[in-house]
1. Restricting to the stretch 25-53, what's the tally of residues that are free of Cβ contacts under 8 Å to residues at least 40 places away in the same chain and among the polar types (S, T, N, Q)?
2. Just to confirm my filter: which strands (runs of 3 or more DSSP E) fall fully inside the chain and include at least 3 residues that are surrounded by fewer than 13 Cβ atoms within 10 Å (Cβ to Cβ) and of a type in the set (S, T, N, Q)?
3. Working only within the stretch 12-24, note down all residues that are touching a residue at least 12 places away in the same chain (Cβ under 8 Å) and within 24 Å of Gln95 (Cβ to Cβ).
Amino acid sequence: MFEIKSPTKKLKEICSKLDSNYSMQVLDGEQVIYRKINDSYDLEVSGLNNNRKVMNATIYLWQLKPKQKVIETVNNITTFESLETSLTYLVEKYQSLN
């Protein structure tokens with residue numbers, strides 16, 4: 001049986017540094033950072049629920065309508081600053097689209 005790993009200290013700390021629109025959720029069996037942008041788009045930050053000292057995150061931007069699919073991916077995010085910048089850019093780009 002597959003067991004879902006509890007959120008690590010690293011994941012909790014990174015999520016707490018982001019604004020209150022972000023939360024931790026289990027998606028596809030992984031603890032991720034999640035944000036709903038609007039009724040048509042949401043974000044998932046994967047690759048942070050571990051105890052490694054280095055960061056290597058991936059952001060997935062999901063289109064929810066008319067069919068759920070990933071429409072943008074940002075790979076190899078290695079600093080909190082680049083994570084924050086990428087998330088801000090994607091939210092600003094998609095929040096007015098619905």
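Nothing in this text is a laboratory measurement; each read-out follows from the coordinates by a stated rule. As the structure is a computational prediction, the values presented were derived from the model and not from experiment. Quick reminder, even Gly has a Cβ in these numbers, built from the backbone with ideal geometry, and neighbours come from all protein chains shown.
1. 3
2. The strands (runs of 3 or more DSSP E) meeting that bar are 69-77.
3. Here is the first cut: in the stretch 12-24, the residues touching a residue at least 12 places away in the same chain (Cβ under 8 Å) are 12, 14-15, 17-18, 21-24.
Of everything in the stretch 12-24, those that are touching a residue at least 12 places away in the same chain (Cβ under 8 Å) and within 24 Å of Gln95 (Cβ to Cβ) turn out to be Ile14, Cys15, Lys17, Leu18, Asn21, Tyr22, Ser23, Met24.
Conditions tested, residue by residue: (1) within 18 Å of Pro7 (Cβ to Cβ); (2) of a type outside the set (Asp, Glu); (3) in contact with a Lys or Arg (Cβ under 8 Å, 6 or more places away or on another chain).
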position	(1), (2), (3)
Gly29	yes, yes, no
Ile37	no, yes, no
Ser40	no, yes, yes
Val45	yes, yes, no
Leu48	yes, yes, yes
Val54	no, yes, no
Ile71	no, yes, no
